[in-house]
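The values are calculated or read from the model by the stated rules, or taken from the named source; none is laboratory data. Remember, predicted model here, so these are calculated numbers, not experimental data. Every residue, glycine as well, gets a Cβ built from its backbone with ideal geometry; the counts of neighbours run over all protein chains shown.
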Amino acid sequence: MVRPEIISRNIALLDVADVADVADAFTVSEFCARHRISVQLFYKNRKQMPRTFKVGTRVLISKEAAAAWRREREMAANAPSDAKK
């Protein structure tokens, strides 16, 4: 028989999205999922992607690098193009 205190205990589990919101760095997979791009696209266009750093064998992207990358992409998208002339 299960003890009553075990049945009534509420265990707060963090959702993956909640963990990513409070994280200071993202894995490549987390970064790609948050920005709706594939991991293959990330590595194919490596020079256009945010700066990364390694911790052991893990490749991580800081929150700041991800924010800077988004700003750069937004500025590039809004920049006037000389090709339209």
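Against the conditions (1) among the basic types (Lys, Arg); (2) modelled with pLDDT of 95 or more; (3) out of contact with any helix residue (DSSP H, G or I) (no Cβ under 9 Å at 6 or more places or on another chain), Arg51 satisfies every one except (3).
When the test is whether a residue is surrounded by 10 or more Cβ atoms within 10 Å (Cβ to Cβ) and at pLDDT below 95, Asp24 does not pass it. Taking the stretch 42-77 on its own, how many of its residues are among the hydroxyl-bearing types (Ser, Thr, Tyr) and assigned to a helix (DSSP H, G or I)? Counting residues in the stretch 42-77 that are among the hydroxyl-bearing types (Ser, Thr, Tyr) and assigned to a helix (DSSP H, G or I) gives 1. Pro80: modelled with pLDDT of 95 or more and in a loop (DSSP other than H, G, I, E, B), yes or no? So Pro80 fails the test. When the residues of the stretch 33-85 are filtered to those that are closer than 20 Å to Val22 by Cα and polar (S, T, N, Q), which remaining residue is surrounded by the most Cβ atoms within 10 Å (Cβ to Cβ)? Selected residue: Thr52.
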